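The values are calculated or read from the model by the stated rules, or taken from the named source; none is laboratory data. Just so we're clear, the structure is a prediction, and the values are computed from it rather than from any experiment. So basically every Cβ, Gly included, is an ideal-geometry build from the backbone, and we count neighbours across all protein chains shown. For accessibility, only protein heavy atoms count, side chains too; no ligands or nucleic acids. Shrake-Rupley method; radii C 1.70, N 1.55, O 1.52, S 1.80 Å.
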Amino acid sequence: MALLSFFAYPMMGQGELASKRDTIITISPISLGVYGSAGMNIHTASFSGFKGIPSCCPEYTSASDIGSTVGFLGQYAMSSNHGFGLRLGYNGLNGVFTSSEEQYVMSQQGIATITHTMKTSLGIMSLEPEFYLSLGSLKLSAGAWLGLPLSMQFSQRETVFPGTFDGFNRIRNELSGDIPGVPAILIGAIGGISYELPLNSAKSIRLAPEIHAFTVFSELSEETSWNVMGIRAGLSLLWSSHEMTVSAPPPPPPPPPPPVIIVLPELVTSLQVSKTGDVDTLESIKLIERFDRVVQPILPYVFFEDNASEIPVRYKQLNVDETKDFNEQSLMNVDVLDRYYHVLNLAGIRLKNKPKLTITITGTTSGGGIEKRNIVLSKKRAENVANYLQQAWNIDPSRISVIAKPIPDNPSNMAYPEGLAENRRVELLFSDPSIFEVLTIIDSTLSVEPDEITVKGRMISGTMIDRWRLNIMNDTNILEEKLGLHDTFITRTWKPIPAKIGRRKDSVRFRYNVVDTAGRTRTSNVIVPVDYQRILNDRTIGIVGNDKVKRYSLILFDFDASSLNARNLRVIEEIQSTKGIKITSILGATDMFGDAKRNAELALERAKAVGVLLKADPSIIKGNSAYEGTPNASPEGRFYNRTVIIEAIEIGE
């Protein structure tokens with residue numbers, strides 16, 4: 001490529017000839033320089049954490065931070081209006097992810113906000129081959145963005161307010177280190193605009209304010225869905241060698257022809273947003289978040305078959321990989337006994353989440369028949385439970401104590417087969433018994449109304465449409481984008497994704513932009529507010545008339561017992577501390593086996609023991625001597641039926 005030439009004065013742009021002077025300055029097509037810029041990093045993602053890194057976050061979706069880029073550049077001008085360039089730079093693409101969720105916290109005895117924070121520090125060397133167009137001093141560029149990760153690190157933490165995670169700490173999972181699964185090469189695209197300002201008469205030294213935007217198509221970690229884009233504003237300094245020669249000036253150009261004035265009709269567009277199948281304008285979008293809550297007592301026993309030490313198949317046993325995915329929310333939609341059959345996994349996950357917690361496992365026999373005084377069988381039953389916790393849940397043996405006894409400390413009646421079956425068991429006792437008393441499950445789901453929206457855009461007047469663009473976005477994300485050519489009328493349907501619609505005071509914006517064949521543009525906008533609704537479905541609460549009736553059935557008794565232990569007293573204290581309720585019923589219950597007369601007395605004794613502490617009206621205290629909230633055929637079913645059921649109303653709520 002030959003050197004580009006132009007007259008020195010007046011300056012008309014690189015490669016142009018001036019008509020007033022005979023001095024020609026020839027600029028080399030090769031330019032070298034440096035650049036620096038700063039701006040915003042915007043991260044989009046859909047992941048809950050990195051593989052192998054403990055995290056309880058449901059999902060990180062977006063992040064942003066200030067970033068900068070510095071480096072060297074080179075350009076080769078193919079002509080006065082286009083050429084190629086190459087940039088080599090270092091990019092700081094840091095980002096701060098935050099995600100908040102509301103969960104039921106035991107220490108708070110209520111809903112608390114858990115905030116998940118992850119800070120990422122990304123240092124990436126980029127190589128940017130690009131093609132540019134010159135419009136005088138203005139340059140438009142576009143090209144590829146190739147990144148070499150140099151430093152990819154993270155730090156994370158989870159905080160809760162109000163309350164604590166374990167009774168003491170408001171912070172958990174505070175970790176930092178290298179981001180796993182970073183690809184060797186990152187691929188993306190870059191585009192930008194700059195304006196060159198000459199710093200000398202030859203224009204061989206030029207200062208260019210510039211704005212660039214780039215996006216990385218590659219996932220930043222192979223284990224996640226995570227991309228980043230950057231917007232930069234800065235300066236570049238360019239230098240080119242040059243030569244000066246003298247030449248005769250060219251003849252003056254002919255005068256331009258007189259302009260032709262064409263009057264075009266005004267460009268007018270319209271945009272309508274409505275529920276699919278409805279002609280009325282959509283007033284709002286409802287985002288409904290539903291929280292489901294289930295509470296039940298945990299029976300800390302595992303029952304065995306006669307003269308057997310193997311854990312019965314009805315108890316759910318997981319392998320090592322399955323324990324990694326186990327969570328209590330998966331038990332939301334099963335019945336009481338199906339949740340109970342995960343008792344070993346509930347014990348395992350509590351030991352895993354609380355490293356200082358210890359457990360005592362006590363094995364017993366029925367005390368009769370071939371099991372009588374078989375202490376070896378008692379020990380083998382306890383050891384099998386301990387082995388499951390060690391092998392499946394990776395619990396350190398030093399945290400597990402194994403005890404063998406001929407019969408339980410509180411045995412059932414050995415004169416009945418049902419009593420013998422209840423004595424064939426393993427008892428689980430934690431160093432903090434309260435940690436294993438109640439199973440509370442809270443789960444949430446999102447839905448949106450309407451679930452399908454129709455968007456209609458049209459040109460009311462103007463010339464033929466050249467192209468159009470429809471954007472649907474909220475305050476932080478582009479939810480959908482559609483493009484087209486030459487359509488004077490468009491109809492598009494959109495199915496909102498609940499997780500991408502913002503909560504609280506967010507809104508959804510519909511933007512319809514058209515460009516006609518005359519190059520004119522017109523934009524129509526419609527803003528639809530988001531109505532966020534939060535629904536709590538406590539499955540222990542029912543509706544009777546205008547009252548909410550809450551049922552407490554967390555009190556379990558041993559065989560033939562009506563006295564209240566420490567575990568039962570904690571439940572009663574919770575009921576006593578609840579304001580604005582009125583106790584309407586106290587029902588004592590027994591299973592259906594044994595002497596009917598004794599069962600009737602025992603059921604009433606249990607109800608009265610609770611009624612005295614709650615200072616209840618004696619008229620609401622009753623007994624049920626053949627209660628079957630769960631099937632009485634199994635030992636665990638009978639234990640769950642030895643209970644007191646308390647009902648209370650919150651009038652006017």
Select one label from [x] 155; [y] 170; [z] 200: the one whose number is volume of the Cα convex hull per residue in Å³ as derived from the coordinates shown. [z]
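Using a probe of 1.4 angstrom, how much of the accessible area of the chain is carbon and sulfur, in percent?
On the way: 18250 of 32700 Å².
After summing per-atom areas, the C and S share lands at 56 percent.
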What's the magnitude of the charge dipole for the chain around its Cα centre, counting Lys and Arg as +1 and Asp and Glu as -1 at the beta-carbon? Answer in Debye, nearest 20. 700 debye
With DSSP loop assignment and no more than 14 other C-beta atoms within 10 Å, the chymotrypsin sites (Phe, Trp or Tyr not before Pro) in segment 96-186 are Phe168
Segment 156-297: C-alpha gyration tensor shape, a/c 1.5 cut-off, then a/b vs b/c: oblate
Using the Cα gyration tensor of segment 230-324, with a ≥ b ≥ c the square roots of its eigenvalues, what is the shape: rounded (a/c below 1.5), prolate (a/b larger than b/c) or oblate (neither)? oblate
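Using DSSP to call loops (not H, G, I, E or B), can you name the trypsin sites (Lys or Arg not before Pro) in segment 567-653 whose Cβ has at most 13 other Cβ atoms within 10 angstrom? Mind dumping the intermediate values first?
Numbers: sites: Arg567, Arg570, Lys579, Lys582, Lys597, Arg598, Arg606, Lys608, Lys615, Lys622, Arg638, Arg642; in loops: Lys579, Lys615, Arg642.
Counting only loop positions with at most 13 other Cβ atoms within 10 Å, the trypsin sites (Lys or Arg not before Pro) in segment 567-653 are Lys579, Lys615.
Give me the dipole magnitude in Debye, nearest 20, for segment 307-386 about the Cα centre, with unit charges on the beta carbon: positive for Lys and Arg, negative for Asp and Glu. Walk me through the intermediate numbers first.
Values: 13 positive and 9 negative charges, 91 e Å.
Using only the charged Cβ atoms, the result is roughly 440 debye.
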About its Cα centre, how strong a charge dipole does segment 150-211 have in debye, to the nearest 20, once Lys and Arg get +1 and Asp and Glu get -1 at the Cβ? 180 debye
Report the dimensions of segment 291-440 along its three principal axes from the alpha-carbon atoms, largest first, rounded to Å. 48, 33, 26
Only sites in a loop by DSSP and with at most 11 other Cβ atoms within 10 Å count here; which chymotrypsin sites (Phe, Trp or Tyr not before Pro) in segment 559-653 make the cut? none
List every residue whose amide H lies under 5 Å from the amide H of Gly67, counting only residues 5 or more places away in sequence or on a different chain, with H placed 1.01 Å from N in the peptide plane. Gly39, Met40, Asn41
Extreme residue, positive dipole direction of the chain, given options Ser431, Ser64, Pro209 (C-beta unit charges): Pro209
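Could you provide, to the nearest whole Å², the per residue accessible area of the chain with probe 1.4 Å?
Working: 32700 Å² over 653 residues.
Roughly 50 Å² per residue, with all protein chains present.
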For Lys352, give me every one of the aspartates and glutamates with a C-alpha distance below 15 angstrom, ignoring sequence neighbours fewer than eight places off in its own chain. Asp166, Asp321, Glu322, Asp325, Glu328, Asp396, Asp432
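Helix-derived [θ] at 222 nm for the chain: sum -39500 (n - 2.57) over DSSP H runs of at least 4, divide by residue count, nearest 500? All intermediate terms of the calculation are to be shown ahead of the outcome.
Values: 8 runs with 86 residues, N = 653.
Calculated mean residue ellipticity at 222 nm is -4000 deg cm²/dmol.
Using a/c under 1.5 as the rounded threshold, could you call segment 341-414 rounded, prolate or oblate? The axes a ≥ b ≥ c are square roots of the C-alpha gyration tensor eigenvalues, and prolate needs a/b larger than b/c, oblate otherwise. Before the final figure, lay out each step's value.
On the way: a/c = 2.51, a/b = 2.21, b/c = 1.13.
Taking the square roots of the gyration eigenvalues as a ≥ b ≥ c, segment 341-414 is prolate.
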